[in-house]
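Novice: Have a look at the structure that comes next, please.
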Amino acid sequence: MKVVVFGPQRRVGALVGDEVIDLQQPSLRTFIEGGQAALDAAQRIVDTGTREALTNLRAPWPERRIACMGGNYADHLA
């Protein structure tokens, strides 16, 4: 199962071919923390859920938490 974040509301879904199924999770983090129970529920939804045409895929992390590193890293290795 390929898990994606999609759409303007950043919904969590399963990618099936060129379609996506909404997994009805509040966030990707909640889905991951749900462990095996969340995976089992997701599989049931994939087996019976409504498929939608693929809309825009989103980055899997919240937009407000992007960190960049760079600069003189090589100097610290010497």
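Novice: Pairs, please: C-beta under 6 Å, at least 6 apart or cross-chain, first residue farther than 16 Å from PHE6 by Cα and in the stretch 30-53, second part of a helix (DSSP H, G or I)?
Specialist: Filtered contacts from the stretch 30-53: ALA38/PHE31.
Novice: Can you pull out the residues in the stretch 1-28 that are of a type in the set (D, E, K, R), surrounded by 13 or more Cβ atoms within 10 Å (Cβ to Cβ) and in a loop (DSSP other than H, G, I, E, B)?
Specialist: ARG10
Novice: I need the full set of residues from the stretch 29-64 which are among the acidic types (Asp, Glu) and not in a helix (DSSP H, G or I), in order please.
Specialist: Narrowing the stretch 29-64 to residues among the acidic types (Asp, Glu): 33, 40, 47, 52, 63.
Those that are among the acidic types (Asp, Glu) and not in a helix (DSSP H, G or I): GLU52, GLU63.
Novice: Report the residue count in the stretch 29-78 for those that are modelled with pLDDT of 90 or more, surrounded by 10 or more Cβ atoms within 10 Å (Cβ to Cβ) and among the polar types (S, T, N, Q).
Specialist: 2
The values are calculated or read from the model by the stated rules, or taken from the named source; none is laboratory data. Note that the coordinates shown come from a computational prediction; the quantities given were computed from them, not determined experimentally. Every residue, glycine as well, gets a Cβ built from its backbone with ideal geometry; the counts of neighbours run over all protein chains shown.
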